[in-house]
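The values are calculated or read from the model by the stated rules, or taken from the named source; none is laboratory data. It should be emphasised that the depicted structure is a prediction, and the values quoted were computed from it without experimental measurement. Reconstructed Cβ throughout: ideal geometry from the backbone, glycine too, with neighbour counts over all protein chains shown. For accessibility, only protein heavy atoms count, side chains too; no ligands or nucleic acids. Shrake-Rupley method; radii C 1.70, N 1.55, O 1.52, S 1.80 Å.
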Amino acid sequence: MNDYQCVREGGAGLIDLSALRGRIQVSGSEAVMFLNGLITNDIKNATETSWLPAVFPTVQGRLIGAVRILRDDNGFLIDTETASHDAVLKTISRFTLAGDFKVSDVTSEIALLTVQGRRAGEVIKNTDLRVIPATHTAEVGFDVLTTAPVTEQLVAAGAQLVSPETFEILRIEAGIARHGQDMDETNVVLETNLDDAISYTKGCYLGQEIIVRIKHRGHVAKKLTGLTFEAQVQPQAVISSEDGKEIGRVTSATYSPTLERHIALGYVRYEHLAPGTKVKSGDVTGTVTELPFVRGSWYE
């Protein structure tokens, strides 16, 4: 089977995320205090066995970078997309002289791969690698953190290499936003579907006042959502209501082999966000669709 079918139809696909994401090590006795003042989630909930989603916001509540945080022997490991890596690193590093707070860019030292698909557990079962449950495709998956080459080992164990083009299809089907494409520093955090990365019970952090105010107001003006179209559309294409008013823009688009439909991610104004709402992009008709497009084995 091809690499797409391998992930979607019961196999295990191997995706090298090392170049797509960066790793930052944070340590020191004051790491918890400093990080909690900079991120939207509660760093005290970080564990060694699961990623804690969080966002570094600006004082205006806009997105610096969406991250995943893991507790480890040296403090905390922060995983972020390459497009937001430098901004996140700069945000953290400016506090290194303020106390016992050390920051290191370990992107080149620690590789990140992921095995995705129903057989992912079988592939990593007999390895001595550090693995963390995670999905990048809406299928069962495990991230692998390593300082040694392991691609051949994982392929020998039954994983099939997944091309960047296939991974992009799987990502969009899973409704996962990409920094620089589906979200950036112009977006308020609450627009980006990162609700599980926000704690409303922790102490103060940068941008908290704006984020909480929007939450209590009820909604943002626009939000990232799924869209299905009758034909191909392009990123940055205008989304219009049935009566021709501009209501948003496409950010990512692809063809879904599973749904046999053209699908897209895009921002749509709040009053048009209900699933089933009819929209257009140029002459192409479409429908607002709940995310993820494909609810794979991760959701079982």
_When you scan region 248-265, do you find a residue that is of a type in the set (Asp, Glu) and at pLDDT below 95, even just one?_
no
_I need a count of the residues in region 186-201 that are open to solvent by 20 Å² or more (accessible area, probe 1.4 Å) and of a type outside the set (A, V, I, L, M)._
6
*Do the conditions hold for Val103, that is, is it touching a Phe, Trp or Tyr at 6+ places or on another chain (Cβ under 9 Å) and without any contact (Cβ under 8 Å) to a residue 24 or more places away in the chain?*
no
*Answer yes or no as to whether Glu271 is over 18 Å from Leu190 (Cβ atoms) and surrounded by fewer than 18 Cβ atoms within 10 Å (Cβ to Cβ).*
no
*Can you tell me which of Thr251, Thr166 is assigned to a strand (DSSP E or B), of a type in the set (Val, Ile, Thr) and in contact (Cβ under 8 Å) with a residue 12 or more places away in the chain?*
Thr251
*asked:* Is it the case, given these coordinates, that Val233 is among the aliphatic types (A, V, I, L, M), assigned to a helix (DSSP H, G or I) and surrounded by 13 or more Cβ atoms within 10 Å (Cβ to Cβ)?
replied: no
*Residue check, Leu206 against (1) within 19 Å of Glu290 (Cβ to Cβ); (2) assigned to a loop (DSSP other than H, G, I, E, B); (3) among the aliphatic types (A, V, I, L, M), all met but one. Which one?*
(1)
*hydroxyl-bearing (Ser, Thr, Tyr), closer than 28 Å to Tyr4 by Cα and open to solvent by 60 Å² or more (accessible area, probe 1.4 Å): does that describe Thr251?*
no
*Check Leu161 against each of (1) touching a Pro at 6+ places or on another chain (Cβ under 8 Å); (2) surrounded by fewer than 18 Cβ atoms within 10 Å (Cβ to Cβ) and name the one condition it does not meet.*
(1)
*Taking the condition under 22 Å from Val188 (Cβ atoms) and open to solvent by less than 10 Å² (accessible area, probe 1.4 Å), does Leu227 pass?*
yes
*asked:* I'd like to check which strands (runs of 3 or more DSSP E) are fully inside region 40-143 and have at least 3 residues that are open to solvent by 20 Å² or more (accessible area, probe 1.4 Å).
replied: 63-72, 102-105, 130-133
